[in-house]
Amino acid sequence: MASTKYIFVTGGVTSSLGKGIISASLAKLIQARGYSVTIQKFDPYINIDPGTLNPYEHGECYVTDDGAETDLDLGHYERFLNIPTSQANNVTTGRIYYNVITKERQGEFLGKTVQVVPHITDEIKKSFYKLGETGEYDFVITEIGGCVGDIESLPFVEAVRQARFELGPNNFVSIHLTLVPYLAAAGELKTKPTQHSVKQLLEAGIQPDILVCRSEMPLPNDIRKKLALFCNVPMNSVIEAKDAETIYDVPLLMRKEKLDERVLSKLKISHKKEPIIDNWKGFLGKLKNPTNDVKIALVGKYVELKDAYKSIAESFIHAGAANECKVHLTWIQSEEIDETNVDKLLGEMNGVLVAPGFGERGIEGKITAVKYVRENKIPFFGICLGMQCASIEFARNVLGLEDACSTEIDTESPNPVIDMMEDQKNITAMGGTMRLGAYTCELAKGSKAYSAYNHSKIQERHRHRYEFNNKYLEQFEKAGMIASGKNPDTNLVEIIELKDHPWFVGTQYHPELKSTVLNPHPLFVKFIKAAMDQKKQKVND
Ligand code: GLN
């Protein structure tokens with residue numbers, strides 16, 4: 001294609017309508033037609049990135065190969081498209097202002113008053129076009145966070161308006177995602193919130209080309225007609241987005257509603273290739289027709305907000321489908337676990353995952369959970385802090401180092417089996433300063449990790465300040481906990497596993513960030529397999 005096509009997705013009426021899933025589904029359909037496509041997210045908050053946000057505020061912080069700490073929607077983009085994203089795929093108001101202010105200090109605008117329009121909007125547009133200008137993509141989908149009408153998203157919406165003119169009608173599509181609520185008392189679907197939301201977009205100078213309407217039930221023709229009339233869109237561009245059983249149904253639902261076709265027609269792309277989505281359908285078939293089921297506990301301290309562990313939950317869905325096994329996840333607050341209730345909480349589980357996290361809260365509960373699954377031979381998967389807790393537990397209860405700890409929790413620990421990384425010791429700033437992004441890891445032949453990956457060299461993503469303290473490695477390995485994965489350049493321990501256990505694996509990195517629909521993560525796949533074996537074994541016993 002001659003030039004990159006730009007699709008902008010805005011939202012109205014309320015947040016949490018699933019702009020990320022709609023964007024990813026549309027991208028999937030376009031990709032399935034043989035085009036190259038990427039998605040980027042523009043967030044209106046002032047933080048430079050979500051790395052400094054508490055997961056309760058904004059859900060999981062998703063990390064890319066190039067070490068960017070980003071919005072969790074980028075996880076959806078990768079899981080759907082099966083291609084990596086990068087720093088350029090997530091931009092916040094904070095970053096835009098930071099760039100403009102840095103330029104101002106360098107004298108780039110010398111003599112001029114620096115203003116929201118044009119300086120901030122110019123910077124936003126520069127970021128809009130950045131990925132398109134690489135020449136790698138036929139389509140760039142841009143999701144604007146928040147709702148139209150929010151004070152904070154105004155400069156983004158204004159930049160979309162300007163982009164519309166710069167790009168011209170054949171290179172620009174505006175999609176507006178809204179809610180069509182059902183009022184039970186009236187027994188009706190209501191269009192007024194959408195009318196108001198579109199009016200707000202129009203006030204900002206943007207006529208949406210396509211409306212995607214989230215709704216609990218099908219949109220009847222009279223409602224579509226009404227929306228078309230009041231919002232100036234053709235009736236075939238009023239797209240129904242009914243609540244789906246799983247987010248992975250949405251690409252097929254959007255195909256049925258012809259969202260991709262409407263987009264291509266608006267862009268005057270006539271030689272349309274048909275989408276090939278057989279492998280996606282294959283995945284859905286397995287997901288919906290499991291022949292087995294297992295119970296997995298997810299032990300973490302942010303469990304009240306499921307979004308805090310988004311990628312882990314999705315990885316279980318991918319790995320469950322790969323095994324044709326339904327994964328029943330039980331979310332357990334680590335603070336609530338102690339010696340008196342651990343058997344009741346975990347006794348029925350076929351596998352336990354101890355989640356990543358920061359700080360002291362809930363640590364002892366995690367360690368108690370690890371002890372229980374180690375002793376009771378329940379499959380265990382520890383991720384980042386989960387792996388660190390497994391190391392502390394082993395040191396305390398197997399090596400007899402009762403005061404073993406991580407210096408994150410106890411700076412004075414006499415046995416710091418988890419310690420701050422050397423290159424982290426002089427860092428005081430909090431944003432973007434952890435060990436971040438993809439690093440190579442070498443796997444030990446014959447280990448469980450090796451048999452899962454079937455490769456000796458892998459790349460996985462990191463986000464942490466602390467590490468396994470190599471001073472203790474010999475002691476650990478002698479007692480049966482081995483380092484089955486190590487960074488070949490720094491010798492940092494990246495994976496630990498127990499020899500004398502059906503499946504006990506901890507990773508310093510975050511495998512969940514690389515699991516996709518078409519490439520379920522091998523460690524999650526093997527963990528679910530181990531849980532299925534444990535269940536079978538239990539029945540036989
Ligand atoms: N708090 C731990 C560290 O910084 C673990 C981080 C994590 O689980 N992502 O090393």
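The values are calculated or read from the model by the stated rules, or taken from the named source; none is laboratory data. If you're wondering where the values come from, they're calculated on a predicted model, not measured in any experiment. Every residue, glycine among them, receives a Cβ derived from its backbone with ideal geometry; neighbour counts consider all protein chains shown.
A quick yes/no check of all residues on (1) buried (at least 20 other Cβ atoms within 10 Å of the Cβ); (2) at pLDDT below 95; (3) among the acidic types (D, E):
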residue: K425; (1), (2), (3): no, yes, no
residue: G431; (1), (2), (3): no, yes, no
residue: Y439; (1), (2), (3): yes, no, no
residue: S451; (1), (2), (3): no, no, no
residue: R461; (1), (2), (3): yes, no, no
residue: H464; (1), (2), (3): yes, no, no
residue: Q475; (1), (2), (3): no, no, no
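Please give the number of the condition E375 fails out of (1) of a type in the set (D, E); (2) crowded, with 18+ Cβ neighbours inside 10 Å; (3) under 18 Å from K499 (Cα atoms).
The number of the failed condition is (2).
Only one residue in E364, E360, E393 is within 16 Å of the ligand (Cβ to nearest atom) and within 21 Å of I495 (Cβ to Cβ), so which one is that?
Exactly one of E364, E360, E393 is within 16 Å of the ligand (Cβ to nearest atom) and within 21 Å of I495 (Cβ to Cβ), namely E393.
Could you list, in sequence order, the residues of region 110-141 that are surrounded by 14 or more Cβ atoms within 10 Å (Cβ to Cβ) and more than 18 Å from F42 (Cβ to Cβ)?
Scanning region 110-141 gives a single hit, D138.
For region 404-415, what are the residues that are more than 10 Å from the ligand (Cβ to nearest atom) and either among the acidic types (D, E) or free of Cβ contacts under 8 Å to residues at least 40 places away in the same chain (or both)?
A404, C405, D410, T411, E412, S413, P414 - these are the residues of region 404-415 that are more than 10 Å from the ligand (Cβ to nearest atom) and either among the acidic types (D, E) or free of Cβ contacts under 8 Å to residues at least 40 places away in the same chain (or both).
Which one of the conditions (1) away from the ligand (no atom under 16 Å from the Cβ); (2) modelled with pLDDT of 95 or more; (3) within 26 Å of the chain's Cα centre (by Cα) does L513 fail to meet, given that it meets all the rest?
(1)
How about region 1-95: which helices (runs of 4 or more DSSP H) wholly inside it have at least 1 residues that are buried (at least 24 other Cβ atoms within 10 Å of the Cβ), more than 15 Å from the chain's Cα centre (by Cα) and on the phi < 0 side of the Ramachandran plot?
19-32
Go through region 416-440 residue by residue and tally those that are outside any loop (DSSP other than H, G, I, E, B), among the hydrophobic types (A, V, I, L, M, F, W, C) and more than 13 Å from the ligand (Cβ to nearest atom).
Total satisfying the criteria: 1.
Within region 332-340, does at least one residue satisfy the condition of being out of contact with any Phe, Trp or Tyr (no Cβ under 8 Å at 6 or more places or on another chain) and closer than 21 Å to Q534 by Cα?
So far as region 332-340 goes, yes, one or more of its residues are out of contact with any Phe, Trp or Tyr (no Cβ under 8 Å at 6 or more places or on another chain) and closer than 21 Å to Q534 by Cα.
Among the residues of region 495-503, is there at least one that is under 29 Å from Q534 (Cα atoms), among the charged types (D, E, K, R), touching a Ser or Thr at 6+ places or on another chain (Cβ under 6 Å) and in contact (Cβ under 8 Å) with a residue 24 or more places away in the chain?
Yes, because at least one residue in region 495-503 is under 29 Å from Q534 (Cα atoms), among the charged types (D, E, K, R), touching a Ser or Thr at 6+ places or on another chain (Cβ under 6 Å) and in contact (Cβ under 8 Å) with a residue 24 or more places away in the chain.
Please pick out the residue among L298, L353, L284, L346 that is surrounded by 17 or more Cβ atoms within 10 Å (Cβ to Cβ), closer than 30 Å to Y35 by Cβ and not basic (K, R).
L284
Inside region 347-367, can you point out the residues that are assigned to a helix (DSSP H, G or I) and without any contact (Cβ under 8 Å) to a residue 40 or more places away in the chain?
E364, I367 - these are the residues of region 347-367 that are assigned to a helix (DSSP H, G or I) and without any contact (Cβ under 8 Å) to a residue 40 or more places away in the chain.
Which is basic (K, R) and not in a helix (DSSP H, G or I), of K344, K377, K371?
Among K344, K377, K371, only K377 is basic (K, R) and not in a helix (DSSP H, G or I).
Report whether or not C389 is modelled with pLDDT of 95 or more, under 29 Å from the mean Cα position of the chain (by Cα), on the phi > 0 side of the Ramachandran plot and hydrophobic (A, V, I, L, M, F, W, C).
no
Hey, can you tell me all the residues within region 340-354 that are within 16 Å of the ligand (Cβ to nearest atom) and touching a Lys or Arg at 6+ places or on another chain (Cβ under 8 Å)?
V354
Looking only at region 96-119, how many residues end up being more than 28 Å from the chain's Cα centre (by Cα) and assigned to a helix (DSSP H, G or I)?
Of the residues in region 96-119, 10 are more than 28 Å from the chain's Cα centre (by Cα) and assigned to a helix (DSSP H, G or I).
Please name all residue pairs, on different chains or six or more residues apart, with Cβ atoms under 6 Å, provided the first residue is in region 452-463 and is small (G, A, S) and the second residue is within 16 Å of the ligand (Cβ to nearest atom).
If the second residue must be within 16 Å of the ligand (Cβ to nearest atom), the pairs left are A452/L523.
Among the listed residues A241, A319, which satisfies the condition of being crowded, with 17+ Cβ neighbours inside 10 Å and under 30 Å from A369 (Cα atoms)?
A319
Outside any helix (DSSP H, G or I), buried (at least 24 other Cβ atoms within 10 Å of the Cβ), at pLDDT 95 or above and among the polar types (S, T, N, Q) - does that describe any residue in region 393-415?
So far as region 393-415 goes, yes, one or more of its residues are outside any helix (DSSP H, G or I), buried (at least 24 other Cβ atoms within 10 Å of the Cβ), at pLDDT 95 or above and among the polar types (S, T, N, Q).
Give region 460-484 a look and list any residue that's in a strand (DSSP E or B) and away from the ligand (no atom under 16 Å from the Cβ), or say none.
M481, I482, A483, S484
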